[in-house]
1. Which residue is farthest from residue 241 (Cα to Cα), if the candidates are limited to segment 163-179 and must be assigned to a loop (DSSP other than H, G, I, E, B) and out of contact with any Pro (no Cβ under 8 Å at 6 or more places or on another chain)?
2. Within segment 116-153, take every residue that is assigned to a loop (DSSP other than H, G, I, E, B) and β-branched (Val, Ile, Thr) and give me the one that is farthest from residue 234 (Cα to Cα).
3. Does any residue in segment 209-222 that is within 15 Å of residue 136 (Cα to Cα) come within less than 9 Å, Cβ to Cβ, of a residue that is among the acidic types (Asp, Glu) and surrounded by fewer than 17 Cβ atoms within 10 Å (Cβ to Cβ) six or more places away or on a different chain, and which pairs are these?
4. Which of the strands (runs of 3 or more DSSP E) found entirely inside segment 197-253 contain at least 3 residues meeting this: touching a Ser or Thr at 6+ places or on another chain (Cβ under 7 Å), surrounded by fewer than 19 Cβ atoms within 10 Å (Cβ to Cβ) and hydrophobic (A, V, I, L, M, F, W, C)?
5. From the list 208, 156, pick out the single residue that is within 21 Å of residue 125 (Cα to Cα) and modelled with pLDDT of 90 or more.
6. Take the residues of segment 186-196 that are part of a strand (DSSP E or B) and among the hydrophobic types (A, V, I, L, M, F, W, C): which is nearest to the chain's Cα centre (by Cα)?
7. Identify the residue in segment 115-145 that is crowded, with 18+ Cβ neighbours inside 10 Å, out of contact with any strand residue (DSSP E or B) (no Cβ under 6 Å at 6 or more places or on another chain) and not small (Gly, Ala, Ser) and, among all such residues, is farthest from residue 218 (Cα to Cα).
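The values are calculated or read from the model by the stated rules, or taken from the named source; none is laboratory data. Every value quoted in this text rests on a predicted model; they were computed, and no experiment measured them. Ideal geometry is used to build each Cβ from the backbone, glycine not excepted, and the neighbour counts take in all protein chains shown.
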Amino acid sequence: MTRWHAGVLVAASIVLVALSGRNVVVRASSRGSLEVVRQTRFLTKANRPVSETAPSRSGGFVAQLCAGAARLTRLRCPSDVRSGPVAPPPADDLAASLPNLRLNIVLGAMQNVVVSGTGVDSLGAFQEPWATFKIVSTAANQSIPQPAEDPYGLPVPAPGMSFDEIPHANGLFQGIIENGCLGTPATFDLTLDSSVYRVSSGAVFGQVHLVDAVNGPGYYTFRYTVRASDEAGNVSDFVFSGDANAFCTAKSGF
């Protein structure tokens with residue numbers, strides 16, 4: 001076993017133990033269908049004032065967790081969404097005071113829906129399935145994560161279960177387009193790559209590549225599914241969902 005793999009296994013154990021002590025809502029999910037709707041996009045425009053923001057829910061939890069894990073491994077946990085939008089000023093003053101467009105994409109829930117067999121599950125301690133997340137935008141002047149950085153990783157629920165109101169620092173993407181609220185609103189072009197894999201072996205059980213866009217300020221929900229098949233042929237649909245909020249801001253940095 002390489003030093004990197006050993007570090008990942010230690011970090012996986014730390015995360016799962018920490019999760020057990022946090023306010024994670026775990027519930028049973030229904031058995032899935034063998035049919036999978038082919039998905040190419042992951043965002044849906046929703047009715048919600050852009051002055052509201054998807055909450056961080058983290059309280060610094062992952063920042064503390066990763067501080068220890070990062071010394072042994074390249075494992076990356078999602079970062080805090082530290083600031084949200086404020087109520088916009090009158091329209092005449094908008095361009096002058098809030099010129100930049102910011103987007104926060106925040107993970108809210110993960111679900112493991114059994115499709116066949118016993119579903120994709122852990123094989124024991126340090127052999128859990130994890131999910132990876134990487135969202136990038138070429139239009140962003142600044143972003144967290146940056147395009148060259150490794151994906152984020154998080155443990156996934158057991159078959160038939162879900163994690164709701166995830167208490168991690170759960171920002172999957174934060175981006176800023178400078179002067180993106182001046183004139184014609186700017187557009188975040190978004191690419192999402194996500195997978196489910198076994199941390200002990202690195203075997204990838206399923207993955208998706210999706211593209212979408214956010215045009216100017218607005219609130220969106222996101223939802224996508226990764227169909228995963230493990231070494232024994234057990235199949236699960238991993239469903240990931242959350243919020244995406246774009247808003248005008250005076251800040252040009254994070």
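1. Step one: filter segment 163-179 for residues assigned to a loop (DSSP other than H, G, I, E, B), giving 165-170, 178-179.
Of the ones still in play, those that are also out of contact with any Pro (no Cβ under 8 Å at 6 or more places or on another chain) are 165-167.
Numbers: 165: 11, 166: 11, 167: 14 Å.
Only one residue fits best here, namely 167.
2. Of everything passing the filter in segment 116-153, 138 is farthest from residue 234 (Cα to Cα).
3. So the pair list comes out as 209/193; 210/193; 211/189; 212/189; 213/189; 214/189.
4. On the way: elements: 204-215, 218-229, 235-249.
Passing ranges, in order: 204-215.
5. Unique residue meeting the criteria: 156.
6. The residue in question is 192.
7. 121
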